[in-house]
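*Asks:* Sharing a structure with you now.
No lab work stands behind these numbers, since they all come straight from the coordinates. As the structure is a prediction and not an experimental result, all values here were calculated from the model. Cβ: placed from backbone, ideal geometry, glycine included. Neighbour counts: every protein chain shown.
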Amino acid sequence: MHTDITTFKLKHLVGSKKGTNRNKNQDRFLIIEKDRYSLFMVFDGVSSNQMSYLFIDEFKKRVMFESKVAEISEHTLGKVLYEINKKLIQSGLKGMSTLSLLFFNIIRNNVEFLNIGDSRIYIFTNQYLEKITEDDALLGRNNIITKYLGLETLTLDDFQLEKTSNDCNYLLCTDGFYTLMENELKEYFATLNFRKLQNIKKKLLSLQKGNNSDDSSYIIIKNEISN
């Protein structure tokens, strides 16, 4: 008997613009693609610490190292990130960053996500756009985040991945991006559903030109499911 096996066909687009009110773009990305999995990460350095990008760069290096020496899975990734955060703090390296990530298990066709801080992850099709993360921020004071990389009180539970749909498209973005998107949601939704990635990038640059006071960064992942 023949059984159809659904597989991921992932295409991604990355973009980042320095905020007009920022001296340096502290947003960062990390994308790791292996035979068994794909990992997409977006970091947003907290602007109150001008050296946060150094913390993020070291965090990225350690994730890349772990991906080379060990087989990372959705079951082990949280502990890996927790240990990296703890060791960086112990080393005396100062910095604060949000984190949003998606982990695609190519073998099991699972998608899991994690966010710490106020960066976000959305899932979307040509019918809807849905936020699947919750901001770690004070109620009524969205500019004050309550959890971030570099925080000593983060626990292993804070790095627990959650499952999400495996048959849609994905947007990971910093607050500088989604703040602009929410002001022109229909325009951005239409743009995200352009067929060609280069057309999406061109239109997003046009929409954000001169409007992004904060660093604005995103990863768009188009998931062209095949059977």
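*Asks:* For the pair residue 153 and residue 141, how long in nm is the line joining their label points, each one 7 Å along Cα→Cβ?
*Replies:* About 1.4 nm, to one decimal.
*Asks:* Taking the Cα atoms of the stretch 71-120 alone, what are Rg (to one decimal) and Dmax (as a whole number) in Å?
*Replies:* When restricted to the Cα atoms of the stretch 71-120, Rg and Dmax are 12.9, 39 Å.
*Asks:* Relative contact order for the stretch 100-173: what percent, with Cα pairs under 8 Å and sequence separation of 6 or more?
*Replies:* 38 percent
*Asks:* Taking only C-alpha pairs under 8 Å that are 6+ residues apart, what is the relative contact order of the stretch 9-65 in percent?
*Replies:* 25 percent
*Asks:* Given the rule -39500 (n - 2.57) for each run of at least 4 DSSP H residues, summed and divided by the residues of the chain, what is its mean residue ellipticity at 222 nm, to the nearest 500 deg cm²/dmol?
*Replies:* So the helix-based figure for the chain works out to -8500 deg cm²/dmol.
*Asks:* Which of 98, 153, 133 ends up with the largest GNM mean-square fluctuation for the chain, with Cα atoms connected below 10 Å?
*Replies:* Per the Cα network of the chain with a 10 Å cutoff, 153 tops the list.
*Asks:* Contact order normalised by length for the chain, with contacts defined as Cα pairs under 8 Å and 6 or more residues apart; what percent is it?
*Replies:* About 30 percent, as a whole number.
*Asks:* Hey, with R₀ at 30 Å, roughly what FRET efficiency would residue 196 and residue 33 work out to, going by the Cβ-Cβ distance, to 0.05?
*Replies:* About 0.90, to the nearest 0.05.
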